[in-house]
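Engineer: Structure provided below as structure tokens; questions to follow.
Every read-out reported here was derived from the displayed coordinates using simple, explicitly stated rules and does not represent laboratory data. Since the model is a prediction, treat every value here as computed from it, not as a measurement. Neighbour counts are summed over all protein chains in view; Cβ atoms, including those assigned to glycine, are modelled from backbone coordinates with ideal geometry.
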Amino acid sequence: MQKNCIILASGNGSNTLNLINKFYTGKTGSGLINISAVVSNTSYAPVIDKVKKTAPDIPVFTIPFTFLSEREAFESRLESIIEKYKIKFIILAGFMKILSKEFVSKFPCKIINIHPSLLPAFKGRDAIKNAFEYGVKYTGVTVHYVTSEVDAGPIICQEIVKIDDFDTVESLEAKIHEAEYRIYPIALEIALTEGNPHVN
Ligand code: GRF
């Protein structure tokens, strides 16, 4: 049975577009994932126009959330969208804000995030740059459930990315994105089919 999902994104939206191309057009994937809506917290996010162009049927909502003081209103509006579209899973794809503990606790194992490092290494912002500057030889991508602790929920899938001597932050970023585009759709299918092995 198809499961309705909502994507939250704040920026460029390349992962959002990748997921839409995989699932919305129905060309690949098991048909399990239905992307019902996209939400951005800022009207400046390039993801908004990209989704509108690629998938005009998918409703895109902008709910302002730049400052912490806006979080409560953001989450309350988001909840009403979740209810309206009968959303089963919340997919974070470059969503740069932290959801409240209260919100997260309402959706256990239903919020999924992608992070550009091999967690638990290099949590937080600038994970790619931080891994590069630290000098690690391998970094990667992690897809995990969201819990109230940032970048610390149960891991669904990881992919290793090698940092070669000739890499720059930019070339590493490109390699990380390629890994993200491979792993996120697969991880979502696993999570939506099998649930959370840490809980079930
Ligand atoms: C990705 O690197 C993702 O891992 C991180 O934010 C970035 C979003 O990129 N959480 P995009 O907006 O999907 O292009």
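Engineer: At a threshold of 8 angstrom on Cα-Cα distance, excluding pairs fewer than six apart, so keeping six or more, what relative contact order does the range 1-107 reach in percent?
Structural biologist: Value for the range 1-107: 38 percent.
Engineer: Okay, moving on. Does anyone have the angle between helix 71-84 and the longest principal axis of the chain? Alpha-carbon axes, 0 to 90°, nearest 10?
Structural biologist: It works out to around 60 degrees.
Engineer: Which residue fluctuates most in the GNM of the chain (Cα springs below 10 Å): Ile81, Ile176, Ile35?
Structural biologist: The residue that fluctuates most here is Ile81.
Engineer: Step through the table entries Lys84/Lys106; Lys52/Lys97; Lys22/Lys50; Lys137/Lys175, compare each Cα-Cα distance with 19 Å, and write down the pairs that go over it.
Structural biologist: Lys52/Lys97
Engineer: Further question: Just to be sure I understand the model, the point goes 7 Å from the Cα along the line to the Cβ. What's the resulting Lys53 to Leu68 distance in nm?
Structural biologist: 3.7 nm
Engineer: Here's something else I'd like to know. Search the structure for amide H atoms under 5 Å from the amide H of Ile111, placed 1.01 Å from N in the peptide plane, and list their residues when 5 or more places away or on another chain.
Structural biologist: Distant-sequence amide H within range of Ile111: Ile90, Val146.
Engineer: If Rh is defined by the Kirkwood formula over all Cα pairs and Rg also comes from Cα, what ratio Rg/Rh do you get for the range 122-177?
Structural biologist: 0.99
Engineer: Listed highest first by mean packing, meaning other Cβ atoms within 10 Å per residue, what order do 184-192, 15-23 come in?
Structural biologist: Top of the packing list down: 15-23, 184-192.
Engineer: For every helix of n ≥ 4 consecutive DSSP H residues, a contribution of -39,500 (n - 2.57) applies; sum these over the chain, divide by its total residues, and give [θ] at 222 nm rounded to the nearest 500 deg cm²/dmol.
Structural biologist: That calculation yields -10500 deg cm²/dmol at 222 nm.
Engineer: Now for a different question. Taking amide H positions as placed 1.01 Å from N in the peptide plane, with prolines and chain starts having none, which residues 5 or more places from Thr62, or on another chain, fall under 5 Å of its amide H?
Structural biologist: Long-range HN contacts for Thr62: Ser40.
Engineer: Which values of log₁₀ I(q)/I(0), to two decimal places, follow from the Debye formula for the chain at q = 0.11, 0.19 Å⁻¹ with a uniform point scatterer at every Cα?
Structural biologist: One equal scatterer on each Cα of the chain leads to -0.48, -1.47.
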